[in-house]
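No value in this document is a laboratory result; all are computed from the given coordinates. The model shown is predicted, which means the values in this text are computed figures rather than measured ones. Backbone-built Cβ (ideal geometry, glycine too); neighbour counts: all protein chains shown.
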Amino acid sequence: MKEYDHKKLEKKWQSIWEKKKIYQAQNSFKKPKYYSLIEFPYPSGDGLHVGHPRPYIGMDVISRKRRMEGFNVLYPIGWDAFGLPTENYAIKTGKDPRVVTKENTDTFRGQIKSLGISFDWSREINTTDPKYYKWTQWIFLQFLKKGLAYKAKMTINWCPKCKIGLANEEVVNNSCERCGTTVEKRKKEQWMLAITKYADRLDKDLDDVDYLPQIKLGQRNWIGRSEGAEIEFKITVKQKNNFGAFALGGKGQGTHDAQNHSFVSQSVKVFTTRPDTIFGVTFIALAPEIAKKLTGKDFGIKSDVDRENKQKIGVDTGLEAKNPANGEMIPVFAVNYVSAEYGTGAIMGVPAHDERDFEFAKKYNLPIKEVIEPVFVDTEGIDAVQKDKPMVEREAILAIVKHWSEDKYLGLKWKKVNWGTFISGGVEKGQTSEQAARAEIEEETGYFNLKLIKTLGRYHSKFFHTPKNENRFGHFNTFYFELENGKQNEISKEEKEKHEILWLSPKEIEKFLTTESLRYRWNILQGYKKIYTGRGILVNSGKFSGMDSEKAKKEIIKFVGGKEKTTFKLRDWIFSRQRYWGEPIPVIYCENCRVGSLASDKRKQGFRLENAGWIPVPEKDLPVELPKVKNYQPTDSGESPLANIPKWVNVKCPQCKGKAKRETDTMPNWAGSSWYYLRYTDDKNKKEFASQKNLRYWLGVDPVRERSPQGDRSTASGRAFSNEVDPVRERSPQGDRSTASGRAFSNGVDWYNGGNEHTTLHLLYSRFWHKFLFDLKLVPTNEPYMKRTSHGLILAEGGEKMSKSKGNVINPNDIVKIYGADTLRLYEMFMGPFDQAIAWSEEAIIGPRRFLEKVWRIGMSKCLFDKKSPMSKRHFDITRLLHKTIKKVSEDIEEMRFNTAISALMILATEMEKAEKLTPESYKLFLQILAPFAPHIAEELWQNLAPQGLAFGFLKARPSSSSIHSSAWPKWDENLIKDEEIKIIIQINGKVRTEIVIQADDKEEDVKKQALANEVVLRHTEGKEIKKTIYVKDRLINIVLSN
RNA sequence: GCCCGAGUGGCGGAACUGGUAUACGCGCACGACUUAAAAUCGUGUCUCGUAAGGGAUGUGGGUUCGAUUCCCACCUCGGGCACCA
């Protein structure tokens, strides 16, 4: 028997595949397309470790399956090669980053190629290639033209030791990642991209894409949409204050420049999401910067809160604000817990209904005014409000009654309904609530020597009253009584039938209570300090009292003359880096030609950048190439090292031909990766970043519906064997998407898999660019990616992250050498759920290897079955199992459940080996579903089948040209999957006792009869009454006995 | 503090929308083949019990004929955010 020589075989097929170009996406556009994408790697100096290929293999399995399903698949790869590690390496060694990048990509390419991933290497791109970044710069110019790129003074992180501006990701624990020095904040002119202009769409359009829920959530949290209102509060200087009189900013004193105009009107705007609580405002809190603008005074507070010390502090500004809702005058504080960057930098303090305001008010003894009474709505269980039943409002009471000598409380356990409550009831006409409570207690429990200790406020509850068969909207006043003694009257029969009276300890109470509203009241009694921040009914709110808080929001905004406003957490994107190894920002500064200006001072003293306006580099001059430099260290002033090259910096102004200087900032690492998937569709294009024709095809706007002509497929005859697959029909119905949302058609890359670390920033940035290009009609879809999934990290054996510095990196090449690429691929897919982090295990890898050896042995020895021999039962079982496996593998791949797919393949292989005879036909189907996981061995064995294949007609005359990877994906036969005999589990009182075998078409009655006649069942049921039996088709029978 | 995810054999992990908990793989033990070893194949492998049967899916409750799965409270680990009004 020929040995399984993975080295020889893998090399052989890799070179044949490459020669035949079977993984190259076809530009003929005749077949339906499939675009699968992985995040292109950053070619670090560490080389590839075994974690990198996990997503590549996962998407490779999917891509290979799609090819076999008849799609024209684009599965590309490239290099995201700009960035800090390479630059830092260059600083350290003086090596040209271009050279370093070349070396690294060569290493990576070699490593990846040895894994047999079906990437289309003919479209390889590199973000550091001027032919590529020409278009990155070009897109930036479009942003500039549309006014979405602008300059602003921004605070950046500055390392005083390295004299360098740091990216956020270089700041670890407020210190420089490299030298550990505490970073400072510095103001610096920065290029910005106005991503906030797209915040609304970036949030809403998530409805239209198929991302994993947690990814959508991550995006939504990052964007941080919040709907509220801006409300203006008039301000005056308090008559008596501790700071002496001062005028408001801009008025009279002339010390404040007129640009701080928004506060000249002597009012302050607050942003709030709870305008409904405005009657509960007891102070105004300002961000320190806003307070300073308003008064001209520095209150010695920073809003940049120290993370260690989260104490809220504030200083009275000496101002007074007028609540527009009720005219009350309230103090104005400068506080550290309000940020000037969010909303308006000013908030209305409502301590009764906001945790932070509450904390602040407690500390500074400010009044707390309750304006919302909680409303609880039961939405689950038997108390759930039933929409079709009437809602009856009742004035009611709730009473908590304590035992006269023990720490126990009265509870009512309802007999007909599953309720555990305190004493509650309605208030009759002419009764006060307290009277009603006393009467109710006596009536229901007989106790009457009550002492009212305190009232616990009022709450409201909507629930379904099962005994009365109606919805209730109860308004409960809550009382706490203690009994003086245990004297008790007789309780009426009716009451006795309704419920049981229990004395419960505090611990028991918590389990006993059945609704949230009751628990809430109990917690109040326990001195629960949390305030109520939920929805409710307004009180102490003038004419709005009694109104639902949600409803009141809009009306109150109107009433106080506020404005509805949606705010986002998302900030504009700081797009400048004072670095060398990035795309130069294509802008020139000229004193004369002011397209965009950043100068406020118009004096001219020679050429000074800060006096100059900027003009975009003309498109014909792109790319602005990175010049070679000697030193990669940023300048002392924190500018990019590019600033040290006068030859490059000094240019002629493209407009006036006068003296001009280049922008020396470069783009962040995110730039090139924001649009790379577009370039793959047309990577050689010199005139456009990609042609409309290619974009339309690959982003699926012009779907091809006809199937390819026969000649296109090398194993066209394979179809005669397995059922026809119609890829177009299998896809999600495209029409639905566009009509459902009413928004622009959402389509794009079919499936994008990447790391969890990129599900917020990278994904958001590239969605932003894409939408921008869509608005310019440069891309045909509104969203770049239709579907997004994530993979988990592979950790080192100890569970730590793999890194060169820790010395725990496992190089896939070593594994490939020992076990082969197929084994590595199989193991990485088998080791655990694809989306979960998992530790590498050198021990376990032998399992997949043994499996492949088994597959090999079967292929070498068993495929000599004579088609004329009668089918044995065993063979029939194999066929059934085979079809079940085809189904499972097909479905599991779609859900990325690769581990269970492989487990099914293993089970099938074991059975196949055990079988005495096996048709080449069965084996062929097995190889086909194995092929996406282990492409080399599958191909080799497939080719080995050629003689049988010819005889059986599933291979064409020239077998060497018919790769298994171009064959048609097998389809399972539903009829062959159905079992004739089914095992039924018999449970007695929910415990498994035995099992019986029934015929697939047996009726429920027959099955029950069989079950009851069973020996084991008889033993258990003897002398007992059968209460009921539960039959779950094809699964089990549960016989319930009475005791 | 908040949000998200996860806790199942010696280990990695299975279990579809509530229906035989521990598939598959690793490891381990025994057996076959072998002069022997490796490889391979076979059998066994949650736990207590001779058995009948009982007990186990982080802990404690609940709902249900039936719960790894649903609900409530809590504990541990991993990831993200950090006063977002």
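A Cβ-based charge dipole, computed about the Cα centre of the range A:1-79 with Lys and Arg at +1 and Asp and Glu at -1, lands at about 540 debye. Just list whichever of A:K65/A:K888; A:K204/A:K787; A:K1003/A:K1033; A:K92/A:K630; A:K146/A:K787 have alpha carbons separated by over 18 Å in the model shown. Too far apart for the 18 Å limit: A:K146/A:K787. The trypsin sites (Lys or Arg not before Pro) of the range A:319-393 that DSSP puts in a loop, and whose beta carbon has at most 13 other beta carbons within 10 Å, are A:K387. By definition, a body whose alpha carbon gyration tensor gives a ≥ b ≥ c is oblate when a/c is 1.5 or more and a/b is not larger than b/c, and chain A fits this oblate description. Ordering A:979-992, A:268-281 by mean Cβ neighbour count within 10 Å, with the highest value first, yields A:268-281, A:979-992.
A convex hull fitted around the alpha carbon atoms of the range A:759-822 yields 167 Å³ per residue.
Can you give the relative contact order of chain A as a percent, counting alpha carbon pairs under 8 Å and 6+ residues apart? Worked out over chain A, it gives 14 percent. In terms of the mean number of neighbouring beta-carbon atoms within 10 Å, the peptides A:487-499, A:619-631 order highest first as A:619-631, A:487-499.
Bridging of A:K1009 to aspartates and glutamates at a Cα separation below 13 Å is possible for none of them, once same-chain residues fewer than 8 apart are set aside. Classify the range A:282-416 from the C-alpha gyration tensor, please: rounded if a/c falls under 1.5, else prolate or oblate depending on whether a/b exceeds b/c. Verdict is prolate for the range A:282-416.
Magnitude of the charge dipole for chain A, about its Cα centre and with charges confined to Cβ atoms of Lys, Arg (+1) and Asp, Glu (-1), is about 3440 debye.
Projecting the Cα positions of A:I313, A:N323, A:P351 onto the charge dipole of the range A:309-385 (unit charges on Cβ atoms of Lys, Arg, Asp and Glu, taken about the Cα centre) puts A:I313 furthest along the positive direction.
Ranking A:I62, A:L538, A:F512 by Cα position along the charge dipole of chain A, where only Lys, Arg, Asp and Glu carry charges on their C-beta atoms, puts A:I62 farthest toward the positive end.
Amide H contacts under 5 Å for A:L74: A:Y34, A:Y35, A:S36, restricted to partners 5 or more places along the chain or on a different chain, H placed in the peptide plane at 1.01 Å from N.
Sort the range A:406-529 into rounded, prolate or oblate with this rule: let a ≥ b ≥ c be the square roots of the eigenvalues of the Cα gyration tensor; rounded if a/c is under 1.5, and if a/c is not under 1.5, prolate when a/b is larger than b/c, oblate otherwise. The partial results should precede the final answer.
Numbers: a/c = 1.15, a/b = 1.03, b/c = 1.12.
Verdict is rounded for the range A:406-529.
Straightening the chain between A:T155 and A:N174 buys 5.4 nm, computed as 0.36 nm per residue apart minus the Cα-Cα spacing.
The helix-only estimate of mean residue ellipticity at 222 nm for chain A, built from DSSP H runs of length n ≥ 4 each weighted as -39500 (n - 2.57), is -9000 deg cm²/dmol after division by the residue total. Taking a straight Cα-Cα cut-off under 12 Å and skipping sequence neighbours fewer than 8 places away in the same chain, the aspartates and glutamates within cross-link reach of A:K687 are A:E619. About its Cα centre, the range A:342-421 has a charge dipole of approximately 300 debye under the convention of +1 per Lys or Arg Cβ and -1 per Asp or Glu Cβ, with nothing else charged. Given R0 = 35 Å, the distance between the Cβ atoms of A:Q435 and A:V1032 translates into a calculated FRET efficiency of 0.05.
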